[in-house]
1. When the range 115-157 is examined, which residues are found to be part of a loop (DSSP other than H, G, I, E, B), closer than 30 Å to Ala79 by Cβ, in contact with a helix residue (DSSP H, G or I) (Cβ under 8 Å, 6 or more places away or on another chain) and hydrophobic (A, V, I, L, M, F, W, C)?
2. Would you call Leu303 in contact with a Cys (Cβ under 9 Å, 6 or more places away or on another chain) and part of a strand (DSSP E or B)?
3. Can you name the number of the only condition in (1) touching a residue at least 12 places away in the same chain (Cβ under 8 Å); (2) under 14 Å from Asp411 (Cβ atoms) that Ala190 fails?
4. Out of the residues in the range 182-215 that are aliphatic (A, V, I, L, M) and in contact with a strand residue (DSSP E or B) (Cβ under 7 Å, 6 or more places away or on another chain), state the one that is nearest to Pro27 (Cα to Cα).
5. Give Gly71, Gly93, Gly49, Gly23 a once-over and let me know the one that is in contact (Cβ under 8 Å) with a residue 40 or more places away in the chain and within 30 Å of Val310 (Cβ to Cβ).
6. Within the bounds of the range 47-63, is there any residue that is surrounded by 15 or more Cβ atoms within 10 Å (Cβ to Cβ), charged (D, E, K, R) and part of a strand (DSSP E or B)?
7. Where in the range 332-413 are the strands (runs of 3 or more DSSP E), entirely inside, with at least 1 residues that are in contact (Cβ under 8 Å) with a residue 24 or more places away in the chain, open to solvent by 40 Å² or more (accessible area, probe 1.4 Å) and farther than 25 Å from Pro122 by Cβ?
Amino acid sequence: MSLDIRPITDDDLPNWVRARRTGYLLPPSVSKTELVFRRELMDLARAQGAFDDGRCVATYRSFTQRLSVPGGASVTANAVSNVSVSATHRRRGLLSRMTDRDLREAKERGDAAATLIAAEYPIYGRFGFGPAAWVTEWEVDVARTGLDPRHSGPGDGGRVDYVDAAEVREHGPALYERVRAVRHGLVDRAEVWWRRNTGALPADDGPWTEPFFLLHRSAEGRVDGLLVFTSDDRWEAKLPHQTATVLDLVAATPAAERALWLFLLSADWITRVRTGYRAPDDLLPLLLPDPRAARVVAHADFLWVRPLDVPELLRARTYPVAGSLVLDVTDRSGLAGGRFLLEAGPGGASCAPTHRSADLTLSVAELGSLLLGDESAVRLAALGRVDEETPGAPARADALLRTGRRPWCADVF
């Protein structure tokens, strides 16, 4: 049987969506609502399908994304999503062929990197992706926090208000871009994202239930934070046992972030809070008088990065100290390998190919893990995944590359 891998057409879309659902072990039926949503979301020229006698058995798509790097700049990334291979067609190289084709096209377009959220850890390292940002989720026992339940709002002149979905669509995009300028690891949110997450664009993954939306405004009236959460309706023996689940909490200032958490943790009837996926160094646990009231319920890799243009990536970000480093980057696919001299400091950076002797030798995937400042070159060297060619080079790399706050990607894509 011949397997044909190609970009899909409008006529292929129902078959492709069904294959995606089958690969994800979701009910395979495809509704008109989902087709409308998928078609608006997708660039069909960047959506691939593998077809066996006309039946779609594997899916893959990519789209253009902006990824924030340390210092607030953004680079263009090739975001990979909707990857699936039907269980009947595993181990036939379908994913390898689709990935290779997509990454080569991204390289030709000039994308600096590729990104994805890995459903399974072992798959994507062989394609040059490395885990670059992790997430942690906490469950907070509100009664144990030690916070004053009589909290009545910010004490700095700011305010927290319930708003409707239309106000979120009005104020959310500009706020989120401000947040991306101060928090690396975040990816941009297209207009379709805001419509989907405020109920204006049905996606057919269940009936839309409107969550609670709140905005934080500073004393000057500027929108500095957004909180979106749901709450269950659980009572026992006439006592409330409500769990609030955070769907989104972004803030452009620490004051707004603290105000939104304190609002939620002092709301009547809420006895537990599930935080959703936050950065591992989120303010929340240490915001509480008793940080042990926040119990970790999930901690895992999240955003994976695959460098495609090493000089562009390293020039785009900022560095806390001055220094230089020669990186010998290996890449089995031939897309981004080479030896590069990084000369960096608080005032900027240059990076270009060089013939100088290497300080560190590492794979393109390990560079992806180091790029956003989360991983340690010293640790990777201890694991044998980075070769120390010059004594002390891993520590020098950490001084240059690591960041004061850990990167955070807030969105599944």
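The values are calculated or read from the model by the stated rules, or taken from the named source; none is laboratory data. A quick note: this is a predicted structure, and the numbers were derived from the prediction, not measured. Glycine also receives a Cβ, built like all others from the backbone with ideal geometry; neighbour counts cover every protein chain displayed. Note: areas computed on protein heavy atoms with side chains; ligands, DNA, RNA excluded. Shrake-Rupley method; radii C 1.70, N 1.55, O 1.52, S 1.80 Å.
1. Going residue by residue through the range 115-157, those that are part of a loop (DSSP other than H, G, I, E, B) are 118-123, 128-129, 145-157.
Still in the list and also closer than 30 Å to Ala79 by Cβ: 118-123, 128-129.
Now drop any that are not in contact with a helix residue (DSSP H, G or I) (Cβ under 8 Å, 6 or more places away or on another chain), which leaves 118, 123, 128-129.
Hits for the range 115-157 are Ala118, Ile123, Phe129.
2. Values: in contact with a Cys (Cβ under 9 Å, 6 or more places away or on another chain): yes; part of a strand (DSSP E or B): yes.
Against the criterion (in contact with a Cys (Cβ under 9 Å, 6 or more places away or on another chain) and part of a strand (DSSP E or B)), Leu303 qualifies.
3. (1)
4. Val187
5. Working: Gly93 fails: in contact (Cβ under 8 Å) with a residue 40 or more places away in the chain; Gly49 fails: within 30 Å of Val310 (Cβ to Cβ); Gly23 fails: within 30 Å of Val310 (Cβ to Cβ).
Going through Gly71, Gly93, Gly49, Gly23 in turn, the sole match is Gly71.
6. To start, the set of residues in the range 47-63 that are surrounded by 15 or more Cβ atoms within 10 Å (Cβ to Cβ) comprises 47-52, 56-63.
Right, trim to charged (D, E, K, R) and you get 52, 61.
Checking the rest, the ones that are also part of a strand (DSSP E or B) come to 52, 61.
Yes, there is a match, as at least one residue in the range 47-63 is surrounded by 15 or more Cβ atoms within 10 Å (Cβ to Cβ), charged (D, E, K, R) and part of a strand (DSSP E or B).
7. Values: elements: 338-345, 348-353, 360-363, 386-388.
Strands (runs of 3 or more DSSP E) meeting the threshold: 348-353, 386-388.
Per-residue answers, yes or no, for (1) surrounded by fewer than 18 Cβ atoms within 10 Å (Cβ to Cβ); (2) among the acidic types (Asp, Glu); (3) touching an Asp or Glu at 6+ places or on another chain (Cβ under 7 Å):
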{"site": "Leu95", "(1), (2), (3)": "no, no, no"}
{"site": "Arg101", "(1), (2), (3)": "yes, no, no"}
{"site": "Ala119", "(1), (2), (3)": "yes, no, no"}
{"site": "Phe129", "(1), (2), (3)": "no, no, no"}
{"site": "Trp134", "(1), (2), (3)": "no, no, yes"}
{"site": "Val140", "(1), (2), (3)": "no, no, no"}
{"site": "Ala143", "(1), (2), (3)": "yes, no, no"}
{"site": "Asp161", "(1), (2), (3)": "yes, yes, no"}
{"site": "Pro173", "(1), (2), (3)": "yes, no, no"}
